[in-house]
Amino acid sequence: MSTTVAEALDRVVAAKPNGRVRPSQQQMAEAIATALNERTHVIVEAGTGTGKSLGYLIPSIESGLQVIVATATKTLQNQLGDVELPFLKEHLDSNLTWSIIKGRQSYACLAKLEERFGDGLGTAGLFGPDELGELEEDVAFIANWARDHATGDRDDLPRAVSDAAWNESSVSGMECPGANRCAQGDRCLAERSIRKASEAQIIVTNHHLYGLDLTSGGRILPEHDAVVFDEAHKLEDALSSAFGVDITAGRLSHFAGQIRRILPDVVGRDGRNVIAEVRDRSAEVRSVLSRLDDGAIDPGEGDLGAALARAHVTVSMALRRVREQMSDEPAHGIWARVQAQGGHLAGDLAFAMAVPEGSVSWMELGVLRVAPVEVGPHLARNLLTQRPAILTSATLSVGGSLAQLGSRLGFIESSMEDDPFADGIDEPIQRTYEGLRLESTFDYRSQAMLYIGSDLPDPRTAEFQGAALAEIAALVEHAGGRALVLTTSHKMVDLAVRQLAHGPFRVLAQGDLPRTALLNEFSSNETSVLVATMGYWEGIDIPGPSLSLVVIDKIPFPRPDDPLTQARRDRVEATGGSAFNAVDLPRAAMLLAQGSGRLIRNEVDRGVVAILDNRLTAKRYGIRLIRSLPPMQRTSDRERAIRFLQSL
Ligand code: SF4
């Protein structure tokens, strides 16, 4: 490792309470320092306890490059901005600068507030609470606060406000016309955060915004030298969403509402009120979407195709009317916002009606979604040939290999002389990567046991459910509560809660309380049991005796009817590959590893992960899934697992 990075790591670690240098963290920092220096890529699977944030932040800082760190969750974003980076400024580099960039809707929009309250927002403070409804009171409060506040970031508000009030005080990225076309562009709080970030060395943002920046040709985030994706196991889904579009009836009705604010009486060529027309189209799209079941669909066909086509014509006509009513001056304020919003809406409707080759469209809970089947080509062209990318997470490999993830994200295994994705790029870089798998610093073999329910019925049979519920109850009893039960369906959550209700322990279920409150309750009530499904398999960090048993009912294979997953399967099979190996298994492996990873959160945690799915030992692919899990001692002997639980 370069002396500077090695020394920096030593110095920072020594300043941490009980800090000690971890070889895996050193290895990670060394690989990243080399990649940044030599303009190459690294994928690092860093087991729990590696200290991966410092493992990438220190070489990034020491490189002197401007680096964007993109995370999947707000929790990690806050951890970096509130804890890790201030600590590094104090103990590593007093000149360190960093900044956080969030989506546009996270910041108060001064243009919108000024239009509501008048010039300079001066009237906002003139109203007392008695004169204002709750919504108006919240918006006035936001306006007063935003006028003087440095960031205008909703998270910095001194008190909570309703979502409705925040929506009245902010704009989405689709509605904002950009600072050049906004009367408040010079003072804009969102733009200010970007300007500030462009001078910072480390910029923290999220995967989705980074994806939007890639699709916009780099118009959203500041120019930068390299990117680190933490929580990279979620990157593919976030990019799919950022590269695609969502169509809802609400987008049309919101557009109608915006036109009404500037042109309440504008009429189309046939004399009909334009707003009424857009609203009619919104009602039609809503009615058609509400009749469609979840699943794959061709949006260019049938009633949906006809409704989208009519909506597209109406939105385009409304946009023309808006332009005609404007003076020759360039559009500013709400006029510009209406144009920006209508332009995005018309573009997305056209995109959805003629789904491009390589994309897939489907219905999901009343929303029409279109997304690319593969994000790899996009990443290859717009990122991997241009700047170093560092990917890290605790769960990236399948059966011990990073190759599948690498290939899905556009990396290649050996260098290529004429990379087609590098055409026209100055000094392109190779898309090859160094892959590192660093074991957790925890002693999993002594701290944890993996119990596989090999003697339980096959989970695809009718007998499984009853047997699994009885097994869950028995294991929870031997653990003295203190269990997280992760299921693959809501139905199983209900059944497990009912089963456990007969026992002596407090049973908490997903949905009983908001997530944070639920986790606090689970953590503080040591013998309680939490039963939950998707959404709770990752991101839960509960060290200590409150969590000594994780029970997983089944291998979390993706749903067979999920259209995006099915399109990915079709694509693999079209090239002669195995869809199960390339699509289903990696996803199941990642989630299984995430779920199992909830158990051991520090050096003294101990416990059992019980997976009740006998396919882990009965099927050939089972060993690949087991190899993706932390290296716990393993048994299919129920009595042995119970003895381990009783010894805790
Ligand atoms: S540029 Fe104007 S419209 Fe966009 S967020 Fe800033 S103030 Fe609002």
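Segment E413..A296, full-extension length gain: 38.8 nm, with 0.36 nm per residue of separation and the alpha-carbon distance subtracted. Between L96 and H149, the simple spin-label model (points 7 angstrom out along Cα→Cβ) gives 2.6 nm. The Cα-based radius of gyration and maximum Cα-Cα distance (Dmax) for segment 141-273 are 18.0, 56 Å. Of all DSSP-defined beta bridges confined to the chain, some 25% are antiparallel rather than parallel.
Direction-averaged projected area, Cα convex hull, segment 493-536: 2.9 nm², rounded to one decimal. Helix-only arithmetic for the chain: the sum of -39500 (n - 2.57) across DSSP H runs with n ≥ 4, divided by the residue total, places the mean residue ellipticity at 222 nm at -13000 deg cm²/dmol. At an R0 of 56 angstrom, the distance between the Cβ atoms of E526 and R272 translates into a FRET efficiency of 0.25. Stretched out straight at 0.36 nm per residue, the stretch from E357 to K619 would grow longer than its current Cα-Cα span by 90.7 nm.
Basic side chains Lys and Arg get +1 at the Cβ, acidic Asp and Glu get -1 at the Cβ, and with that the dipole of the chain about its Cα centre reaches some 1000 debye. The modelled label-to-label distance between D246 and S446, using points 7 Å beyond Cα along the C-beta direction, is 4.8 nm. Per-residue SASA remark: T441, around 40 Å² accessible (1.4 Å probe; ligands, DNA and RNA not included). If you model segment 407-470 as an ellipsoid using its alpha carbon gyration tensor, with each semi-axis the square root of five times an eigenvalue, the axes come out at 47, 21, 8 Å, biggest first. Its residue count N sets the reference 2.2 N^0.38 Å, and the alpha-carbon radius of gyration of segment 513-561 equals 1.29 times that reference. Subtracting the Cα-Cα distance of V367 and V313 from 0.36 nm times their residue separation leaves 17.4 nm of extension gain.
Whole-percent P(r), segment 592-648, all Cα pairs, 5 Å bins from 0: 4, 16, 28, 27, 17, 7, 2. Shown here: segment 419-520, whose C-alpha atoms stretch 67, 35, 35 Å along the first, second and third principal axes, sorted largest to smallest. Any idea what diffusion coefficient segment 279-343 gets from Stokes-Einstein, in µm²/s, Kirkwood Rh on alpha carbon pairs, 20 °C, 1.002 mPa s? Rounded to a whole number, D works out at 158 µm²/s.
Spin-label pair S287-Q79: with each label point 7 Å from Cα along the Cα-Cβ axis, the two points sit 5.0 nm from one another. Each principal axis of segment 351-414 carries a Cα extent, and these read 38, 27, 16 Å when sorted largest first. Kirkwood hydrodynamic radius computed over segment 249-365 comes to 14.9 Å, based on all pairs of distinct alpha carbons.
Of all lysines in the structure, those lying under 28 Å Cα to Cα from K52, and not within fewer than 8 positions of it along the same chain, are K16, K74, K89, K102, K196, K234. Over the chain, with a single point scatterer placed on each C-alpha, what log10 of the ratio I(q)/I(0) does the Debye formula yield at q = 0.11 1/Å? Relative scattering, expressed as log10 I(q)/I(0), comes to -1.28. Note on segment 523-648: Cα-Cα pairs beyond 25 Å make up 32% of the total pair count.
The values are calculated or read from the model by the stated rules, or taken from the named source; none is laboratory data. Everything numeric here is computed off the predicted structure, so don't read it as measured data. Positions of Cβ are backbone-derived with ideal geometry, glycine not excepted, and every protein chain shown enters the neighbour counts. Protein only, heavy atoms only, side chains kept; ligands, DNA and RNA dropped before computing areas. Shrake-Rupley method; radii C 1.70, N 1.55, O 1.52, S 1.80 Å.
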